[in-house]
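Input: a single structure, listed below in structure tokens.
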Amino acid sequence: MSERKAILQVKGLQTSFFTDDGVIPAVDNIDFSVHEGEVLGIVGESGCGKSVTSLSIMGLVPSPPGKITGGKILFGDKELTKLSDKEMRNVRGNDVAMIFQEPMTSLNPLFTIGNQLMEAILIHKKGWSKKQASARAVEMLTLVGLPRADELMKEYPHQLSGGMRQRVMIAMALVCDPKVLIADEPTTALDVTIQAQILALMKDLNERLNTAVLLITHDLGVVAETCERVVVMYAGQIVEEGPVQTIFKDPQHPYTKGLLQSVPDMRYKKQRLYSIPGNVPKPGSVNTGCRFAARCEFAFDKCLTQNPDLYQTATVHKTRCFLYEDQEVSTHDRTLVES
Amino acid sequence: MLHYIGRRLLQLIPVLLGMTFVVFMIIRAIPGDPAQVILGQQATKEAIEALRAKLGLDNPWYVQYFDYLGGLLKGDLGESLRTTTPVSEEIWPYLAATFELSLFAVLIAVIVGVNAGIISAWFQNSWFDYTAMILALVGVSMPIFWLGLMMQYIFGIELGILPTTGREEVRNPIDSMTNLYVLDTILQGRFDQLGIVLKHLVLPGLALATIPMAIIARMTRSSMLDVMRSDYVRTARAKGQKMFWVVYKHALKNAIIPVLTIIGLQMGLLLGGAILTESIFAWPGVGRYIYEAINFRDYPVIQSGILVVAFIFVMINLFIDILYSLIDPRIKYD
């Protein structure tokens, strides 16, 4: 995995919301990269900044009040935060595409499926005829496993089920062969069987088309099934990052441990489910110390006064916790990993 | 769809029937007597009685009402007491004049109002937004007769660039076929006269357009603001679509439906003849026609004039309802 090229790099990204109640740093100095053809998961509770991260990459943070206040987002050699409006439009849908949580409302109810798919093609493929675009749209609908694609082109979103609409969204996102697909909670609004189908489809397309997927979810089950690497976010920061097997088998950060313990286990039916005490702090409300300290059963003095770094605890594993400060691998190894 | 239209047209019958009754009763409740008005103050009692008998006004009200309804069923709108011409013939030129003026006013109101609303929503809280919304507020609360008089004073008298009254120049009358002068002059290729006709439309058109324009702008803005926050607008942006098309294609089509309702109602009101505006600008429209009929207690003209106007109002709203289903595939009437 580490020999694959990083195509999307987020470096020190900071996105804040300027509200009447002050500046809220929804995303605070996060670093991660998406490699060619991989599936990277970002997990965290609602409000931890995962959606804002994805919207920042797309340049779609609602503004005002939101604004990217620091850091870089590199797509290949393009710095996305520095692009003009026009250049950014060329990236959206073409290099980086996105699908959203709500398939029921993400398609425009007043235009046919065909119209919306062809629109996505014709924006980026200059010189294509409508006929070519239509053929490509039908091809994509078939690729995402929708039956009678020809008829679907003439139908409206309300004639389709939620699962079908999400397939249409995926088809629309992939229609211009983007390098990266950002999927923001793509299965949250769907029922479980459809969820599994959509995830299988995304995994399959990821392998067939070699499109990297940045999967944003709060559902650890989804991560375990689909992702190769995981980034765990808490209160606007990355608290742990590593390969999926390691995170699930040997979680390091107390927050990740807590999350994994909160997943119901079918083997022990009667046990009361574990939950992390307390609530996610409001972004910007914890300024000193570790943001998780108040809810952490391992917290000690230092946690309350200093903000821990993201320690590299193994070649491909990072944790933001003082418990692992002394386990950090040498900077020499780290440079090896990054190069 | 045809089924639905048929049903709506059937529903029209009780509405119009109820309306004829109300209008019939109300105009007879106004003090004054047509026979007296026609014969003048000096007329003898006998002469008035004779005329009343001749016009059928001496019958009990229900006999008069059912006579009138019977006539309507045969397509007879009655005869004017004043001119003895059938109302159905007499009303056409007035209707056409009102139609031309209202259409002009509605076009201005829709084009300016909808775009002002869109741009205000697109650039919410910008100087354009603030200016447009303050102007809209002023527009909604503007007394139209005052605005009309001011415009006549400024553009007609002080600047002398626009005619203040009527539809045409007295010395250069239009040889009309349809009574829609814009259409007439175009059909005849008389573009010099077309210019004159359009000039005559400007001031009354603007005066008439002011309130609808302001209402439409405010409605469009709030509807657009709602839609601009929706998921499909974000999707359209995520595709890489230009903001212009995101706004004018994806957002506008969704936002326009509540605005259409308002446009329909306003258009109906304008076609009913804006009595004030038509009086100020001496526009020979249906509003003035009915207004003068009221002064003369010309019962058949009042009754049938209002009936025709009400019919047009209801038809426009039916048309708007049909338009909904053409815009939104989720709206199905059958």
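The values are calculated or read from the model by the stated rules, or taken from the named source; none is laboratory data. Computed from a predicted model, the values in this text were never measured in an experiment. Quick reminder, even Gly has a Cβ in these numbers, built from the backbone with ideal geometry, and neighbours come from all protein chains shown. Side chains are part of the model used for accessible areas, which takes the heavy atoms of the whole protein and leaves out ligands, DNA and RNA. Shrake-Rupley method; radii C 1.70, N 1.55, O 1.52, S 1.80 Å.
Worth pointing out:
- Residue A:40 part of a loop (DSSP other than H, G, I, E, B) and among the aliphatic types (A, V, I, L, M): no
Per-residue answers, yes or no, for (1) modelled with pLDDT under 75; (2) touching an Asp or Glu at 6+ places or on another chain (Cβ under 7 Å):
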| position | (1), (2) |
| --- | --- |
| A:302 | no, no |
| A:306 | no, no |
| A:311 | no, yes |
| A:319 | no, yes |
| A:326 | no, no |
| A:335 | yes, no |
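- The lone criterion from (1) open to solvent by 50 Å² or more (accessible area, probe 1.4 Å); (2) within 11 Å of chain B (Cβ to nearest Cβ); (3) part of a strand (DSSP E or B) left unmet by residue A:64 is number (3).
- In this structure, residue A:119 does not qualify as open to solvent by 50 Å² or more (accessible area, probe 1.4 Å) and within 13 Å of chain B (Cβ to nearest Cβ).
- Residue selected from the range B:318-334 under the condition away from chain A (no Cβ under 12 Å) and not in a helix (DSSP H, G or I), by the criterion surrounded by the fewest Cβ atoms within 10 Å (Cβ to Cβ): B:334
- Hey, residue A:76 in contact (Cβ under 8 Å) with a residue 24 or more places away in the chain, away from chain B (no Cβ under 14 Å), over 21 Å from residue A:238 (Cα atoms) and open to solvent by 10 Å² or more (accessible area, probe 1.4 Å) or not: yes
- Just one of the numbered conditions (1) at pLDDT below 90; (2) out of contact with any Gly (no Cβ under 9 Å at 6 or more places or on another chain) is not true of residue B:129: (1).
- Contact map, the range B:292-312: residues that are closer than 23 Å to residue B:52 by Cα paired with residues that are of a type in the set (Gly, Ala, Ser), Cβ distance under 6 Å, separation 6+ or inter-chain. Pairs shown: B:297/B:32; B:298/B:80; B:300/B:78; B:301/B:80; B:301/B:293; B:302/B:293; B:304/B:78.
- Test: residue in the range B:280-291 that is surrounded by fewer than 22 Cβ atoms within 10 Å (Cβ to Cβ), under 23 Å from residue B:104 (Cβ atoms), away from chain A (no Cβ under 14 Å) and free of Cβ contacts under 8 Å to residues at least 24 places away in the same chain: yes
- Scanning the range A:98-110 for residues that are open to solvent by 20 Å² or more (accessible area, probe 1.4 Å) and either of a type in the set (D, E, K, R) or assigned to a loop (DSSP other than H, G, I, E, B) (or both) returns A:101, A:102.
- Any chance residue A:83 is in contact (Cβ under 8 Å) with a residue 12 or more places away in the chain, open to solvent by 30 Å² or more (accessible area, probe 1.4 Å) and closer than 28 Å to residue B:125 by Cα: yes
For (1) away from chain A (no Cβ under 14 Å); (2) open to solvent by less than 50 Å² (accessible area, probe 1.4 Å), each residue gets a yes or a no:
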| residue | (1), (2) |
| --- | --- |
| B:234 | no, no |
| B:237 | no, no |
| B:252 | no, yes |
| B:256 | no, yes |
| B:260 | no, yes |
| B:267 | yes, yes |
| B:271 | yes, yes |
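- For the range A:4-26, the condition holds for no residue, the condition being that it is more than 14 Å from chain B (Cβ to nearest Cβ), of a type in the set (Ser, Thr, Tyr), buried (at least 17 other Cβ atoms within 10 Å of the Cβ) and within 14 Å of the chain's Cα centre (by Cα).
- Complete set of residues in the range A:43-59 that are part of a loop (DSSP other than H, G, I, E, B) and away from every other protein chain (no Cβ under 14 Å): A:44, A:45, A:46, A:47, A:48, A:49
- Within the range A:146-165, the set of residues being polar (S, T, N, Q) and within 12 Å of another protein chain (Cβ to nearest Cβ) comprises A:159 only.
- All of (1) in contact (Cβ under 8 Å) with a residue 12 or more places away in the chain; (2) open to solvent by 30 Å² or more (accessible area, probe 1.4 Å); (3) under 22 Å from the mean Cα position of the chain (by Cα) hold for residue B:111 with one exception: (1).
- Failed item, numbered, when residue B:134 is tested on (1) touching a residue at least 40 places away in the same chain (Cβ under 8 Å); (2) of a type in the set (Val, Ile, Thr); (3) open to solvent by 70 Å² or more (accessible area, probe 1.4 Å): (1)
- Exactly one residue out of B:160, B:148 is open to solvent by less than 60 Å² (accessible area, probe 1.4 Å), assigned to a helix (DSSP H, G or I) and not polar (S, T, N, Q): that is B:148.
- Test: residue in the range A:125-145 that is at the interface with chain B (Cβ under 9 Å from one of its Cβ atoms) and open to solvent by less than 20 Å² (accessible area, probe 1.4 Å): no
- Any chance residue A:214 is surrounded by 20 or more Cβ atoms within 10 Å (Cβ to Cβ) and either within 14 Å of chain B (Cβ to nearest Cβ) or in a helix (DSSP H, G or I) (or both): yes
- In the range A:86-97, residue most open to solvent (accessible area, probe 1.4 Å) [restricted to those that are within 29 Å of residue B:226 (Cβ to Cβ) and either of a type in the set (A, V, I, L, M, F, W, C) or facing another protein chain (nearest Cβ under 7 Å) (or both)]: A:89
- Leading residue by the ranking (nearest to residue B:266 (Cα to Cα)) among those in the range B:296-327 that are charged (D, E, K, R) and out of contact with any Gly (no Cβ under 6 Å at 6 or more places or on another chain): B:321
- Lone qualifier among B:13, B:5 - being more than 27 Å from residue B:282 (Cα to Cα) and either buried (at least 17 other Cβ atoms within 10 Å of the Cβ) or within 22 Å of the chain's Cα centre (by Cα) (or both): B:13
- Selection status of residue B:116, touching a helix residue (DSSP H, G or I) at 6+ places or on another chain (Cβ under 7 Å), over 16 Å from residue B:27 (Cβ atoms) and crowded, with 21+ Cβ neighbours inside 10 Å: yes
- Qualifying residue in the range B:36-45 (condition: of a type in the set (Lys, Arg), assigned by TED's automatic domain parsing to the domain that holds residue B:66, loosely packed, with under 11 Cβ neighbours inside 10 Å and at pLDDT 85 or above): yes
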